[in-house]
1. Give all pairs with beta carbons closer than 9 Å in which a residue from region 324-335 that is without any contact (Cβ under 8 Å) to a residue 24 or more places away in the chain and small (Gly, Ala, Ser) meets a residue that is in a helix (DSSP H, G or I) and open to solvent by 100 Å² or more (accessible area, probe 1.4 Å); count only pairs at least 6 apart in sequence or on separate chains.
2. List every residue pair whose Cβ atoms sit under 7 Å apart, with the two residues 6 or more apart in sequence or on different chains, where the first one lies in region 354-373 and is within 14 Å of residue 386 (Cβ to Cβ) and the second, anywhere, is in a helix (DSSP H, G or I).
3. Which one of these does residue 123 not meet: (1) open to solvent by 30 Å² or more (accessible area, probe 1.4 Å); (2) closer than 18 Å to residue 183 by Cα?
4. Going through 9, 72 one at a time, which residue ends up being open to solvent by 60 Å² or more (accessible area, probe 1.4 Å), within 20 Å of residue 122 (Cβ to Cβ), touching a residue at least 12 places away in the same chain (Cβ under 8 Å) and of a type outside the set (Gly, Ala, Ser)?
5. Taking the condition loosely packed, with under 10 Cβ neighbours inside 10 Å and under 46 Å from the mean Cα position of the chain (by Cα), does residue 413 pass?
6. I'd like to verify a number: residues in region 46-69 that are open to solvent by less than 30 Å² (accessible area, probe 1.4 Å) and under 42 Å from the mean Cα position of the chain (by Cα), how many?
7. On the given criteria, is residue 95 over 21 Å from residue 47 (Cα atoms) and open to solvent by 10 Å² or more (accessible area, probe 1.4 Å)?
8. From the list 178, 145, 184, 157, which one is within 50 Å of the chain's Cα centre (by Cα) and surrounded by fewer than 17 Cβ atoms within 10 Å (Cβ to Cβ)?
Amino acid sequence: MKPTGTDPRILSLAAEVAKSPEQNVPVILLKLKEIINNVPLGSSELKKIKQDIYCYDLIQYCLLVLSQDCSRIQGGWTTISQLTQILSHCCVGLEPGEDSEEFYNDFLPSAAENFLVLGRRLQTCFINAVKGEEKDELLHCFQIVTESLLWLLGGHVQLIPNVLQSDHFLHLMQTDNVQIGAIVMTVLQSILQINSGDLLRIEGKALHSILDEVVFKLLSTPSPVIRSTTTKLLLLMAESHQEILILLRLSACYKGFRSLLNKQETGTEFSQELRQLLDLLSPEVYQEVEEQNQHQAACVIQAYWKGFQTRKRLKKLPSAVIALQRSFRAKQAKLLLKLNRQKEEEDLRLHLHLQRQRAMRLSRELQLSMLEIVHPGQVEKHNREMEEKSALIIQKHWRGYRERKNFRQQRPSLTEYKAAVTLQRAVLKFLAKCRKKKKLFAPWQGLQELTDARRVELKHQVDDYIKRHLGSQMSDVASRELHAQAQERLQHYFMGRALEERAQQHREALMAQISTNIEQLIKAPSLKEAEGREPELFLSRSRPVAAKAKQAHLTTLKHIQAPWWRKLGEEPGDEIDVPKDELSVELETLFIGGTKPP
């Protein structure tokens, strides 16, 4: 299925590739480099462009071009090296979608293998070349191919074991050329820096071949560049994997390797890595003896254990053979049943397909026969009706799909809503129980309103009680007078209680007002010290307080104005009578208050 919203440049390029002859396709594919370079790295637009390139099989064309003869391609090795760059950049960060299994299992391993084959071809041409310019061009193309391979492995780490186990990669390492060898050693070092754990995932034969070639180049090549790279590479391999370090120390193949390393020139730029490698390869004597003893002890233990296991298996061999035969026959029966089921499913699928085709053919024939019967003027109307029915069917299926999708999306919220409703129901039941308990233990709140039936029942009970408990006989007139007296006394009591309550409330209000005025007067300053609005504190709205203040003031004046002989025999606590006429006061009357100065 082709994607929507495809870049028009890719569409035009795909159309041009489809229409152009085979020899012009590589040059046309180079236009992909300009399209990719114009988009910023890591953007969603670049991912979309890579998906479009993969969907229109432009990457597959690039892979096919890599396996063609270089002499038939315009631009030669330069064009092919640029196509490797395009291929690696398009594969890294690509999300193939539905074809992911084919892309990861078939396409990527084929691309890595073609890169290695192309590198071998470039290596052969470089060795056979005579001109210096041609050598430089081929070496540059070889570097581009190796960089493209590293870019591809950096984006898809699962390809590293395939590359390390490839015979083409081993042939590239076995070259005697200094420049090619330095590039290949650098590539191997970069691969191990990407993921050194994949080195132990390859087969033992391939691992030994790689290790042998690295050791050989370190000891035999005169190039300081290759020696430095191989030293760093061996140091990285030994530090990352203990198995390789033990192999270099104890294996008979590398016996004397440390002594040969000691003869290497010191003072070079890689002497530090060389010393570190020598330190790793030269453990103490007692450590080597201990490792050898442990190895021999482990071998003895394994030999005894394997012998015991073998003897035990030999004793159980007859029953094991019977069980093996039984399991094999059961497996064969299951396999045969599975094959029969697959055959039946295939037959059923084919039968359904034939039925569908037959039904479609019958429907077409029926339509043709209907068109033959229908008047020519009604054909357009008939076609319009069929289109409307088809549109309705499509809309029905689409709406069903959309509603099912919306329901699946709304299912979590619906579950939350149901949970909330359940919690609310439980809480409401709990609150209802609490209110019911409160009503049961609540105090008496009065009698409910009596119904007519209840009144009749109570009246019968009263009459029955009166019949059973006869009292003193009283005339109707006397009982009515007694009832009137009781009602009058009850009315008098209720009226008097209301007046008494109002009088009590009035007294409490006056006492509160008097207490407030007294508190203000106590806290107020004296008249000599009062300033501003402070004299307003001496104005009282309470008549009792004002009368008491005026009485105290007049008493003080009379005591001051009286002659001295009248003051004889008086004590400080004696009161002086003041006429009631002089005590008539009005609201907001000024009276003496405040504290006296010391």
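The values are calculated or read from the model by the stated rules, or taken from the named source; none is laboratory data. Just so you know, these numbers come straight off a predicted model, no measurement behind them. When we count neighbours, we look across all protein chains shown, and the Cβ atoms used for this are built from the backbone with ideal geometry, even at glycine. Keep in mind that these areas ignore ligands, DNA and RNA; they rest on the heavy atoms of the full protein, side chains included. Shrake-Rupley method; radii C 1.70, N 1.55, O 1.52, S 1.80 Å.
1. none
2. 371/379
3. So the condition that residue 123 fails would be (1).
4. Values: 9 fails: within 20 Å of residue 122 (Cβ to Cβ).
Just one listed residue meets the conditions, 72.
5. Numbers: loosely packed, with under 10 Cβ neighbours inside 10 Å: yes; under 46 Å from the mean Cα position of the chain (by Cα): yes.
Criteria met by residue 413.
6. Of region 46-69, the ones open to solvent by less than 30 Å² (accessible area, probe 1.4 Å) are 46, 49-50, 52-54, 58-59, 62-63, 65-66.
Then keep just the ones that are under 42 Å from the mean Cα position of the chain (by Cα); that gives 46, 49-50, 52-54, 58-59, 62-63.
Summing the residues that are open to solvent by less than 30 Å² (accessible area, probe 1.4 Å) and under 42 Å from the mean Cα position of the chain (by Cα) in region 46-69 gives 10.
7. Values: over 21 Å from residue 47 (Cα atoms): no; open to solvent by 10 Å² or more (accessible area, probe 1.4 Å): yes.
No; evaluated as a whole, the condition is false for this residue.
8. Details: 178 fails: within 50 Å of the chain's Cα centre (by Cα); 145 fails: surrounded by fewer than 17 Cβ atoms within 10 Å (Cβ to Cβ); 184 fails: surrounded by fewer than 17 Cβ atoms within 10 Å (Cβ to Cβ).
Sole residue among the options that is within 50 Å of the chain's Cα centre (by Cα) and surrounded by fewer than 17 Cβ atoms within 10 Å (Cβ to Cβ): 157.
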